[in-house]
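These notes concern the structure reproduced below.
The values are calculated or read from the model by the stated rules, or taken from the named source; none is laboratory data. What you see is a predicted model, and the numbers here were worked out from it, not measured in a lab. Please note: Cβ atoms are built from the backbone with ideal geometry, for glycine as well, and neighbour counts cover all protein chains shown. Please note that ligands, DNA and RNA were not included when accessible areas were found on the heavy atoms of the full protein model with its side chains. Shrake-Rupley method; radii C 1.70, N 1.55, O 1.52, S 1.80 Å.
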Amino acid sequence: MRTRTLFPSLLLLGAVSLTAACSSGSAGSAVSAPGGDRPGSASSPVRSVDPSKIKGLKIVSDSSEQSSCRFATSYPDVPGAEAMTAAMKKDVEERLAGFRSRMCEDGNSAEGGELNISHRLLVASGDVLGVRLTTQDGSSVGSGLSARTYWYDGKAGASRTALELVADGSRDAFVAALKEQLKGREGVDAASLDDPLSAPASRAAVLDDMAFTADGGLRVTFDRGDVGVPAAGAYTVALFKETITPWLSAFGQRVQRQTVQPSGSLHLGATDVPEPAVPTHTASGDDDTDCKKVTCLALTFDDGPAAPETATLLSYLAQYKARATFFTVGQNVAAHPDLVRAEARAGHEVGNHSWNHPDLTKLTPEQVASQLNRTSAAVKAATGKAPTLFRPPYGAVNAQVKAATTLSPVLWDVDTEDWKYRDAAKVAQTVIDKAKRNDVVLMHDIHPTSVAAVPQILRTLTARGYRFVTVSHLRATL
Ligand code: ZN
């Protein structure tokens, strides 16, 4: 996840070939590919982890819904791994702050700029935890695509870098093997590998994306421009298990073992992991509200589910017998299927808001289908029912996106801009002042301030005769 560095000897060639690289279609791939995998990866798969099995897991999400400032970031917060969470938080917040100052301040052109940071759990078993964050930064030079793996050693109680998977004394041999593999690749000039891979400081920055494959090999991915000509994109080198094993650190050996044969549950030494509250409210039958006769309003909550915010929101909605629509993000559904189940059980509608919140109009039809299908599958696994509606992130939708899915798009009439203000009173007042009969209202249940605004909205508008229905109910009864 190093910031863009073009090595001097490659600058000219890189500049000449940049156009070809940009038009190759690789730029958007990593955002849409499941779990943030990048194109051109080695064939041996990296085992996937079921995040819903991790006790106390929270997904820290931040996003905008505004087309002039498009960002969506996420990383996992696992109890016990605080040092690793802090490292991810620091990296994500720095990138987001940089992006917002470049792209979202008044007067800056935001056209084409989008920041997306998605996460994938690589190992969560025994006393080791591994996460890959994949970043697509449309405000930076070139493809703006980079990835980094973060590691936690529960035995030592310490955060580890990717390079720490390899023993200190074996790193020269390890690097020599990587160079050997890279030398034959198109776009790699053998002499140019010495700079980034030899000096210890740049070595750690370049070798920041490593993970074991399911068969115990090690997959090392180089961000575009870190080695080879930038135009050639990212390079992935896979070392077989027999090759890499003698070079691993004691920590690396434990990660390898837990990747090949996970022992099951994760024990990082966290002493106090609270059980998340999941509301048990059950809707009594179908909603018979007739929106032709009464004043209806459709509240919609995007980007969740989030713990504990979504659970709190569900309890508020139940108090007022209000129904709502949740446009869920697939990577959060995977982490909290119990909350999505609680939404459906309480009579709310569960819609699809993509897997990791990219601008769908920037993706290929296949990538759009993958983003939406993967999320629908996660919702169906949680609730037994697949969504029929989707809300495009940033409200960005075009004919190509619509053609790539059978889901029906839903935009909004009232935008609370709650993600920007983070002010419960302001969010509540916006809805109360602006909402009109049969409107669709946009909010986000990942923000505690938005959830805190809901009781006042429900109290005030109920007193004014409003009834709160799902989007599909509103559409069906109008
Ligand atoms: Zn959103």
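Assorted remarks:
- Each residue in region 72-86 was checked for being more than 15 Å from ASP418 (Cα to Cα), aliphatic (A, V, I, L, M) and either within 11 Å of the ligand (Cβ to nearest atom) or surrounded by fewer than 22 Cβ atoms within 10 Å (Cβ to Cβ) (or both), and 2 of them qualify.
- Among (1) touching a Lys or Arg at 6+ places or on another chain (Cβ under 7 Å); (2) under 27 Å from ASN116 (Cα atoms) - the single one GLY144 does not satisfy: (1)
- ALA311 meets the stated requirement of being of a type in the set (Gly, Ala, Ser) and open to solvent by less than 30 Å² (accessible area, probe 1.4 Å).
- Residue within region 411-419 that is open to solvent by less than 30 Å² (accessible area, probe 1.4 Å), among the hydroxyl-bearing types (Ser, Thr, Tyr) and closer than 26 Å to PRO337 by Cα present: no
- Pairing each residue of region 51-71 that is within 12 Å of the ligand (Cβ to nearest atom) with any residue that is among the aliphatic types (A, V, I, L, M) and in a loop (DSSP other than H, G, I, E, B), provided the two are 6+ apart or on different chains, yields C-beta distances under 7 Å for SER61/ALA306; SER61/ILE446; SER67/ALA396.
- None of ARG171, ARG132 is open to solvent by less than 40 Å² (accessible area, probe 1.4 Å), in the same structural domain as ASP223 (by TED's automatic domain parsing), among the charged types (D, E, K, R) and out of contact with any Cys (no Cβ under 7 Å at 6 or more places or on another chain) except ARG132.
- Helices (runs of 4 or more DSSP H) wholly inside region 353-422 containing at least 1 residues that are within 15 Å of the ligand (Cβ to nearest atom), acidic (Asp, Glu) and touching a strand residue (DSSP E or B) at 6+ places or on another chain (Cβ under 9 Å): 418-421
- Meets criteria (under 20 Å from VAL441 (Cβ atoms), among the β-branched types (Val, Ile, Thr) and within 16 Å of the ligand (Cβ to nearest atom)) for THR312: no
- With respect to the conditions (1) closer than 21 Å to VAL237 by Cβ; (2) surrounded by 20 or more Cβ atoms within 10 Å (Cβ to Cβ); (3) at pLDDT 95 or above, SER146 falls short on a single one, namely (3).
- Here SER118 fulfils each of the conditions (1) within 24 Å of PHE222 (Cβ to Cβ); (2) at pLDDT 95 or above; (3) open to solvent by 20 Å² or more (accessible area, probe 1.4 Å) apart from (3).
- Number of the exception - ASN438 against (1) open to solvent by 10 Å² or more (accessible area, probe 1.4 Å); (2) touching a residue at least 24 places away in the same chain (Cβ under 8 Å); (3) within 30 Å of the chain's Cα centre (by Cα); (4) away from the ligand (no atom under 16 Å from the Cβ): (3)
- Flag for ASP290 being more than 16 Å from the ligand (Cβ to nearest atom), part of a loop (DSSP other than H, G, I, E, B) and under 20 Å from GLY351 (Cβ atoms): no
- Residue satisfying all of: in region 232-244; out of contact with any Gly (no Cβ under 7 Å at 6 or more places or on another chain) and under 14 Å from VAL220 (Cα atoms); surrounded by the fewest Cβ atoms within 10 Å (Cβ to Cβ) among these: THR243
- Restricting region 321-333 to residues that are touching a strand residue (DSSP E or B) at 6+ places or on another chain (Cβ under 7 Å) and more than 16 Å from the ligand (Cβ to nearest atom), the residue that is least open to solvent (accessible area, probe 1.4 Å) is ALA322.
- ARG345 meets each of the listed conditions (1) open to solvent by 10 Å² or more (accessible area, probe 1.4 Å); (2) within 15 Å of the ligand (Cβ to nearest atom) apart from (2).
Listed here are the residues, each with its yes/no results for (1) assigned to a loop (DSSP other than H, G, I, E, B); (2) hydroxyl-bearing (Ser, Thr, Tyr); (3) more than 23 Å from the chain's Cα centre (by Cα); (4) not assigned by TED's automatic domain parsing to the domain that holds MET84.
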{"site": "VAL237", "(1), (2), (3), (4)": "no, no, yes, no"}
{"site": "ASP286", "(1), (2), (3), (4)": "yes, no, yes, yes"}
{"site": "THR300", "(1), (2), (3), (4)": "no, yes, no, yes"}
{"site": "ALA306", "(1), (2), (3), (4)": "yes, no, no, yes"}
